[in-house]
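Here's the structure, in structure tokens; my notes come after.
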Amino acid sequence: MTASSLPLRGKNILVPRSKGQAQSFSDLVEKYGGNPVEIPLLAFKPARSPEIHAIINQLHSYDWLIFTSSITVETFLSFLHPSDRKQMPKIAAIGRKTESFLLAKGLQVDFTPEEFVAEGFTEEFKPYVQKGMKVLIPKGNLARNYIAAYLSKYGAVVDEAIIYDTYFPEESRELIKEKLTHSQLDILTFTSPSTIDHLMAVVKENNLYEKVEACVIGCIGPVTKERIESYGLKVHIAPNVYTVHHMIKSIIDYLENEYRRAL
């Protein structure tokens, strides 16, 4: 690959994911010459609740099971006994990555929306909603209840099960503080509202707002964009397709446009 085809050369780009989840994101950054800085702004641990097992025992009674992320799929399946899979209702997945993860686990996906956010999902899923149908939505403790509220409004009986807790790793706090303090991040990327909330907690504690303002900021999805702007920050990159691949491509387009303006 030639120098001219390395548009991210010399750029330190925050990858807000854990080592296990960051690989494809970091590979893309490196492909275009950038330096991925992996600092997980979110970590997950299975929730401990007897309600989860009670719900799984009634899995056969649901008409639909809705998954919003691969983390949700992985955690939910960890609670299942192999025989429980035979009781699986129809499955809806938000996002191609979630769909691919389910298929890789040998599960059938009956519905995937074209738009990978809750608002788009509900509009596209609406024709499937019937009064009295039972829907199960496994989720994390910080997830919104938008889908459940919407489906309930149209007559579905919706149960939400909190199957994992989301938290901010302590070691990540120190890494973010260090990197921002020494201006070692050029581009910040955010993949959910929680990622920006956690980073901004460090920013506020250490008076690093000007350091964040000096960075280029990219994000996935309108809800994340809105959360970033609520902190008074400018979002430079927010692609119409809500994937990491499209965000990286949009970052490249933004940097190239900025370079042309500077000439």
(message) So in segment 202-235, with the set limited to residues that are among the aliphatic types (A, V, I, L, M) and under 19 Å from the mean Cα position of the chain (by Cα), which one is most open to solvent (accessible area, probe 1.4 Å)?
(response) VAL223
(request) Would you confirm whether any residue within segment 73-96 is under 19 Å from the mean Cα position of the chain (by Cα), closer than 19 Å to ASP159 by Cβ and of a type in the set (Ser, Thr, Tyr)? (result) yes
(message) If a residue counts only when it is farther than 24 Å from THR122 by Cα and either open to solvent by 80 Å² or more (accessible area, probe 1.4 Å) or touching a strand residue (DSSP E or B) at 6+ places or on another chain (Cβ under 8 Å) (or both), which strands (runs of 3 or more DSSP E) contained entirely in segment 1-103 have at least 1 such residues?
(response) 12-15, 35-38, 43-46
(request) Would you please list the contacts, defined by Cβ atoms under 7 Å and residues six or more apart or on different chains, that run from a residue in segment 101-122 that is within 15 Å of THR72 (Cα to Cα) to a residue that is basic (Lys, Arg)? (result) ALA118/ARG144
(request) Assess whether LYS211 counts as being of a type in the set (D, E, K, R), at pLDDT 95 or above and over 22 Å from ALA238 (Cβ atoms). (result) no
(message) Of the conditions (1) in contact with a strand residue (DSSP E or B) (Cβ under 9 Å, 6 or more places away or on another chain); (2) in a loop (DSSP other than H, G, I, E, B); (3) crowded, with 20+ Cβ neighbours inside 10 Å, PRO138 satisfies every one except a single condition; which number is it?
(response) (2)
(request) Select from segment 236-263 the residues that are surrounded by fewer than 17 Cβ atoms within 10 Å (Cβ to Cβ) and assigned to a loop (DSSP other than H, G, I, E, B) and list them in ascending order. (result) ASN240, VAL241, THR243, LEU263
(request) Test each condition in (1) modelled with pLDDT under 95; (2) open to solvent by less than 30 Å² (accessible area, probe 1.4 Å); (3) farther than 21 Å from ASP63 by Cβ for SER172 and report the one that comes out false. (result) (1)
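The values are calculated or read from the model by the stated rules, or taken from the named source; none is laboratory data. All values reported here derive from a predicted model rather than from experimental measurement. Positions of Cβ are generated from backbone atoms using ideal geometry, with glycine treated the same way; all protein chains shown enter the neighbour counts. Areas reflect the complete protein model, heavy atoms only, side chains present, ligands, DNA and RNA absent. Shrake-Rupley method; radii C 1.70, N 1.55, O 1.52, S 1.80 Å.
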